[in-house]
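Take a look at the structure set out below.
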Amino acid sequence: MRIFSLRILTLLALYFLCSHKAEAQFTEPVDSTQYHVLPDPSMSEKYFVPDIPKKWLKWSQFEGKAFSMRIGFAPIVDYVWNGQDNESKEQVGEQESRFDLRSGRMTFSGDFKFSNPLNYFLSVEYKGFDRGPEDPPFGVTDLSLSIHLNKILGKFTIGKIKETFVYEMVGDAANLPFTERILNPFFQSRSIGIKLMNGFYDERMTFAVGWFNDWFVKDVSFDDNGNQFTARLTGLPIYQEKGKKFLHLGISSRYNQAAKNLLRYRGRNESNISSYYVDTKDIPADHSWSVGLEGLWSYRNFSFLSEYVQSWASTYDHSNPSFNGFYMSGSWVISGEQRPYDKKAAYARRVMPTGTSGAWELVARYSRLDMNDKQIEGGILNKLYLGLNWWATQHWRMSLGYGLSNLDKLDLKGTTNTITTRLQWIY
């Protein structure tokens, strides 16, 4: 089975890399250093907060006849303070308060300029949004090649890439209104596999499908590791005033074959340094199905974003527990800017400040994770988050957020108060 799959992957890669010239390029921005609305170089020295002059970074871009390259950077530093009651400490242990280098990422992206350009993307990272405490602190986060096939199939990507499931996963984590994702129990951020993505109906809809299995970077066989199949379909039923008013709707699905016949759902308290607040532990199972619904309404400097995920586990004892999570968030950019919508990637980008004092954004979110069903008692986490983002320049962001978490677990109800501060520079 492994040899057969390797042959199929090799043949697919060779076929697509040698395919003929495409009629139109479909560009999918793949990381937070590629923008739908590009930074304005003339603004770099006009902000109240000094930014690195663009001329200092000319060395980071190269445009040649055979290939191009752009080097990007994303250092992110947090300070997290936690205050718990006794019940919370009994549930999850005492949570520390400290500084955290949340991410130290360097990216390399560009094109090999064949008749049909071949896009490449590489990111190496210290810690980061997608690395757990059991993982090595430094490693390769992304490594992929992409090529445009045709108008119908769109863009084909192979390598270590994001799965096509859940809005807050598909989007740039560093540029979301809130500082951390909440639906982590339902997806694996990066996997090795293939993906197809395209836009249609005058760029008012997109589809993305993927197949993933990264057994050969783990000490397991192809069958024991399990396959993951993901799909996402989005639409823009409302898109008016040149994007100042829009409604984005989406549905996604994920089929996950259990690795070594075990499934596990777990999530932290919207913090990189926290323990796992909800955790089902290992569940003997064959596979799981997850379905996600997403909606984003935006009018000028106001927006409302919500997601819901339901997951069903197919267990060997036929109890088949199900788990779910959702969040509802609102954003108000006080200074008047809007988070611009990227039709090709099907999500909204970062706030790009237009005034010298930057852009100020108020954020509120309510979220819930329910990992209790049948005999499984993984806990129920309810979280309120209130935040203030200052997009000081087109690259600097400073955030202050307060979180109130209530955890129902082990026949106890514990409360955690969290204050998170963040400083990031994305280039």
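Look at Gln95 and say whether it is in a helix (DSSP H, G or I) and surrounded by 17 or more Cβ atoms within 10 Å (Cβ to Cβ).
It is false that Gln95 is in a helix (DSSP H, G or I) and surrounded by 17 or more Cβ atoms within 10 Å (Cβ to Cβ).
Which residue out of Ser109, Ser88 is modelled with pLDDT of 80 or more, in contact with a Gly (Cβ under 8 Å, 6 or more places away or on another chain) and over 30 Å from Lys195 (Cβ atoms)?
Checking each option against the conditions leaves just Ser88.
Could you figure out which of (1) within 30 Å of Ala208 (Cβ to Cβ); (2) touching a Leu at 6+ places or on another chain (Cβ under 8 Å) isn't true of Leu384?
Here Leu384 meets the rest and fails (1).
Collect the residues in the stretch 238-258 that are part of a loop (DSSP other than H, G, I, E, B) and closer than 21 Å to Val170 by Cα, keeping them in residue-number order.
If the condition is that a residue be part of a loop (DSSP other than H, G, I, E, B) and closer than 21 Å to Val170 by Cα, then no residue fits.
Which pairs have Cβ atoms under 7 Å, sit 6 or more apart or on different chains, and link a residue in the stretch 347-368 that is farther than 17 Å from Phe178 by Cα to one that is of a type in the set (Phe, Trp, Tyr) and open to solvent by 10 Å² or more (accessible area, probe 1.4 Å)?
From the stretch 347-368, the pairs are Thr356/Tyr47; Thr356/Phe48; Ser357/Phe48; Gly358/Tyr47; Gly358/Phe48; Gly358/Trp390.
Scan Asp130, Asp142, Asp214 and give me the residue that is among the acidic types (Asp, Glu), within 30 Å of Leu386 (Cβ to Cβ), at pLDDT below 95 and open to solvent by less than 60 Å² (accessible area, probe 1.4 Å).
That would be Asp130, the only listed residue that is among the acidic types (Asp, Glu), within 30 Å of Leu386 (Cβ to Cβ), at pLDDT below 95 and open to solvent by less than 60 Å² (accessible area, probe 1.4 Å).
Return the total of residues in the stretch 323-360 being crowded, with 17+ Cβ neighbours inside 10 Å, among the hydrophobic types (A, V, I, L, M, F, W, C) and not in a loop (DSSP other than H, G, I, E, B).
Total satisfying the criteria: 6.
Considering only residues of the stretch 361-384 that are polar (S, T, N, Q) and under 16 Å from Leu404 (Cα atoms), which is least open to solvent (accessible area, probe 1.4 Å)?
Checked the stretch 361-384; the qualifying residue least open to solvent (accessible area, probe 1.4 Å) is Ser367.
Just to check your reading of the model, which residue among Ala231, Ala173 is over 19 Å from Thr157 (Cα atoms) and in contact (Cβ under 8 Å) with a residue 60 or more places away in the chain?
Exactly one residue qualifies, and that residue is Ala173.
Residues being among the hydrophobic types (A, V, I, L, M, F, W, C) and in contact with a Ser or Thr (Cβ under 9 Å, 6 or more places away or on another chain): count how many of those fall in the stretch 256-275.
3
Based on what the data block shows, is Phe207 open to solvent by less than 60 Å² (accessible area, probe 1.4 Å), under 18 Å from the mean Cα position of the chain (by Cα) and closer than 23 Å to Asp370 by Cα?
Considered against the rule, which asks whether it is open to solvent by less than 60 Å² (accessible area, probe 1.4 Å), under 18 Å from the mean Cα position of the chain (by Cα) and closer than 23 Å to Asp370 by Cα, Phe207 comes out as no.
Residue-wise test of (1) open to solvent by 10 Å² or more (accessible area, probe 1.4 Å); (2) modelled with pLDDT under 95; (3) in contact with a Cys (Cβ under 7 Å, 6 or more places away or on another chain); (4) over 30 Å from Ser329 (Cβ atoms).
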residue: Phe156; (1), (2), (3), (4): yes, no, no, yes
residue: Glu163; (1), (2), (3), (4): no, yes, no, no
residue: Gly171; (1), (2), (3), (4): no, yes, no, no
residue: Ala174; (1), (2), (3), (4): no, yes, no, no
residue: Thr179; (1), (2), (3), (4): no, yes, no, no
residue: Ile182; (1), (2), (3), (4): no, no, no, no
residue: Ser189; (1), (2), (3), (4): yes, yes, no, no
residue: Leu196; (1), (2), (3), (4): yes, no, no, no
residue: Val220; (1), (2), (3), (4): yes, yes, no, yes
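Against the condition within 22 Å of the chain's Cα centre (by Cα), without any contact (Cβ under 8 Å) to a residue 24 or more places away in the chain, surrounded by 16 or more Cβ atoms within 10 Å (Cβ to Cβ) and within 30 Å of Ser88 (Cβ to Cβ), how does Tyr277 come out, does it pass?
Here the answer is no, as Tyr277 does not meet what is asked.
Identify all residues within the stretch 171-216 that are outside any strand (DSSP E or B), of a type in the set (D, E, K, R) and more than 20 Å from Tyr308 (Cβ to Cβ); write none if there are none.
Scanning the stretch 171-216 gives Asp172, Asp202, Glu203, Arg204, Asp214.
The values are calculated or read from the model by the stated rules, or taken from the named source; none is laboratory data. What you see is a predicted model; the values in this text were computed from it and never measured. For neighbour counting, all protein chains shown are included, and Cβ atoms are generated from backbone atoms with ideal geometry for every residue, glycine included. The accessibility values were calculated without ligands, DNA or RNA, using every heavy atom of the protein model including side chains. Shrake-Rupley method; radii C 1.70, N 1.55, O 1.52, S 1.80 Å.
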